[in-house]
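The values are calculated or read from the model by the stated rules, or taken from the named source; none is laboratory data. This structure is a prediction, so every number in the text was calculated from the model and none was measured. Using ideal geometry, Cβ is built from the backbone for each residue, glycine included, and neighbour counts are taken over all protein chains shown. For accessibility, only protein heavy atoms count, side chains too; no ligands or nucleic acids. Shrake-Rupley method; radii C 1.70, N 1.55, O 1.52, S 1.80 Å.
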Amino acid sequence: MNFEYITECAHPMYRRALELYQASFPYHEQREALSQEQILQDSSYRFGLIYDKTLFVGLVLCWETEDFLYIEHLCIRPELRNQQYGRKALSLLQEKRKCIILEIDPPEDAISKRRKGFYESCGFVENPFAHIHPPYHPEYAGHRLVLMTYPQVLPAHIYDMFSQYLRERIMHGAFVGGNSGESAEQKAD
């Protein structure tokens, strides 16, 4: 397996990759199209196509800093799920020997519990922080997520650094017309 990174929306696989992205995540968890195009130019952002030889199997969209790698989105094509591709993609990222951070929905139903179990089986651990992901769209407020990290729980100062980076860099311009590090309610204050 390997990753191919896209740095421009003219890439021949970009539209197909966006279709998988849009089918894999609820609208409130997706960047707007213009935002996705703009962040391709960010030196810390990785829009990664996951391949098994020449077979396109999924996406890993992440941010890499000196201190950590944050997986913003990871998805496998529906017809290729349950074939260890997600596990193999995570293993490739773990080879970077960096702290890996990702978020999941709180484990409240069978699917979210199974997803948490999957990440735990890949070496990720749940963190104790009350984590709210900023909104991707102005009509939504931020949403509560569970922070999972590899290989260990984050120290509080690293979580604070990540949280600031999330708000100020990752979410900057996430929706057209402004900085989405603030929800509609926060802007009204």
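Quick test for you: out of L145, L102, L154, pick the one residue that is under 17 Å from G86 (Cβ atoms) and either of a type in the set (S, T, Y) or not in a helix (DSSP H, G or I) (or both).
Numbers: L145 fails: under 17 Å from G86 (Cβ atoms); L154 fails: under 17 Å from G86 (Cβ atoms).
After ruling out the rest, the residue left standing is L102.
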Check: Going through segment 35-80 one residue at a time, which ones are charged (D, E, K, R), closer than 21 Å to E19 by Cα and at pLDDT below 95?
Finding: E37
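Of all strands (runs of 3 or more DSSP E) completely enclosed by segment 1-93, which ones contain at least 1 residues that are more than 14 Å from the chain's Cα centre (by Cα)?
Once the strands (runs of 3 or more DSSP E) in segment 1-93 are filtered for at least 1 residues that are more than 14 Å from the chain's Cα centre (by Cα), what remains is 2-6, 45-52, 55-64.
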Note to self: Anything in segment 95-131 that is open to solvent by less than 40 Å² (accessible area, probe 1.4 Å) and on the phi > 0 side of the Ramachandran plot? List them, or say none.
What the structure shows: G123
Check: Which condition breaks for Y159 when tested against (1) more than 26 Å from R16 (Cβ to Cβ); (2) open to solvent by 30 Å² or more (accessible area, probe 1.4 Å)?
Finding: (2)
